[in-house]
Amino acid sequence: MPDAVTIEKLTKKFGDFTAVDQISLTVGEGEVFGFLGANGAGKTTAIRMLCGLLLPTSGNGTVGGFDIYRDNENIKKSIGYMSQKFSLYGDLTAYENLWFYGSVYQLKKKVLKDRIDELSEELGLHEFLNRLAGNLPLGWRQRLALATSVLHRPKILFLDEPTGGVDPVFRRRFWGMLYDLADKGTTLFVTTHYMDEAEYCHRISIMHHGRIIELGNPSDLIQKYQQPNLEELFVQLISKKSEESADV
């Protein structure tokens with residue numbers, strides 16, 4: 001399977017602080033990849049580099065075949081990004097947000113109108129299109145944010161804590177939507193704090209203090225460390241690394 005994302009020894013430093021420390025991985029086309037780690041582990045910094053928003057200090061990488069140093073503008077145009085914070089315009093309606101972002105992606109009017117109709121049907125947004133985005137319930141704001149991020153049919157979709165703060169029933173439905181995208185060939189690069197969600201991923205990586213400390217299929221990793229579930233595995237690995245750091 002061709003690689004959608006490839007990074008080798010990717011590093012980002014802010015002065016004397018190393019936020020991302022020589023991480024290497026590949027993500028295949030159509031893969032659902034979970035990027036895990038505690039707060040401050042370096043996940044968001046790494047994603048910002050992969051999205052063309054932040055230049056690395058060193059290392060190499062490509063996203064969708066584009067170099068993260070030379071082709072960051074092409075990366076921005078070819079990917080979708082859904083942030084952990086609601087980033088749409090609250091004083092615009094859901095429809096106006098969709099139309100605005102579609103215009104940013106330079107979609108032709110007929111294509112954009114058809115795409116809005118299609119996504120509204122798929123995500124159940126029809127009855128909310130004329131409501132102000134800022135007044136929508138959290139779960140529906142998340143659906144709207146997902147719709148804006150896939151308007152231009154990106155081959156790679158980055159999702160940074162996409163279900164934070166929503167209830168478990170909606171989280172399950174949301175992941176059903178994500179799997180529908182993956183089944184159609186979209187590569188999903190997801191960060192999450194919910195370990196039950198991470199078990200939906202084809203593979204995961206676990207970061208600690210800027211480094212990837214484990215990488216693999218969730219079931220295989222659970223078996224490798226003889227843990228009952230991914231949450232216990234995560235806690236064990238992070239606790240062990242924290243103890244090792246304290247002993248140094």
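The values are calculated or read from the model by the stated rules, or taken from the named source; none is laboratory data. Not measured: the values here are computed from a predicted model. Counting neighbours? That spans all protein chains shown, and the Cβs are built from the backbone with ideal geometry, glycine included. Surface accessibility is based on the protein's heavy atoms, side chains included, excluding ligands, DNA and RNA. Shrake-Rupley method; radii C 1.70, N 1.55, O 1.52, S 1.80 Å.
Bin by bin, in steps of 10 Å, what percent of the Cα pairs in the chain do you find, going until the bin that has the longest distance?
Answer for the chain: a P(r) of 7, 30, 35, 21, 6, 1, 0 percent.
With +1 on each Lys and Arg Cβ and -1 on each Asp and Glu Cβ, how big is the dipole of the chain about its Cα centre, in debye rounded to the nearest 20? Mind dumping the intermediate values first?
Details: 28 positive and 32 negative charges, 162 e Å.
Roughly 780 debye for the chain.
Where both partners of a DSSP beta bridge lie in the chain, what percent of those bridges are antiparallel, to the nearest 5? All intermediate terms of the calculation are to be shown ahead of the outcome.
Numbers: 21 of 38 bridges.
Looking only at bridges with both residues in the chain, the antiparallel portion is about 55 percent.
Among residues other than Asp21 whose Cβ falls under 11 Å from its Cβ, what is the net charge (Lys/Arg +1, Asp/Glu -1)?
Numbers: positive: Lys9, Lys12, Lys13, Arg211; negative: none.
In short, +4.
Can you compute log10 of I(q)/I(0) for the stretch 199-248 with the Debye formula, treating each Cα as one identical point scatterer, at q = 0.14 Å⁻¹?
-0.34
Probe 1.4 Å, all protein chains in place: accessible area of Lys85 in Å², nearest 10?
150 Å²
Kindly state, to the nearest 0.05, the FRET efficiency for Ser103 paired with Glu244, given R0 = 35 Å and r defined as their beta-carbon distance. Spell out each step's value before the answer.
Values: r = 51 Å, r/R0 = 1.45.
Calculated value: 0.10.
Grab the eigenvalues of the alpha-carbon gyration tensor for the stretch 108-165, scale each by 5, take roots, and send me the semi-axes largest first in whole angstrom. Before the final figure, lay out each step's value.
Numbers: eigenvalues 72, 55, 14 Å².
The equivalent ellipsoid of the stretch 108-165 has semi-axes of 19, 17, 8 Å.
Would you kindly state how much longer the chain becomes between Glu232 and Glu73 on full extension, computed as 0.36 nm times their sequence separation minus their alpha carbon distance, in nm to one decimal? Walk me through the numbers on the way to the answer.
Values: separation 159, 0.36 × 159 = 57.24 nm, distance 4.00 nm.
Contour length minus the Cα-Cα distance gives 53.2 nm.
Show me 146-155, 169-178 ranked by packing, highest mean number of other Cβ atoms within 10 Å first. Please report the intermediate quantities before stating the final value.
Numbers: 146-155: 19.9, 169-178: 16.4.
In descending order of packing, they fall as 146-155, 169-178.
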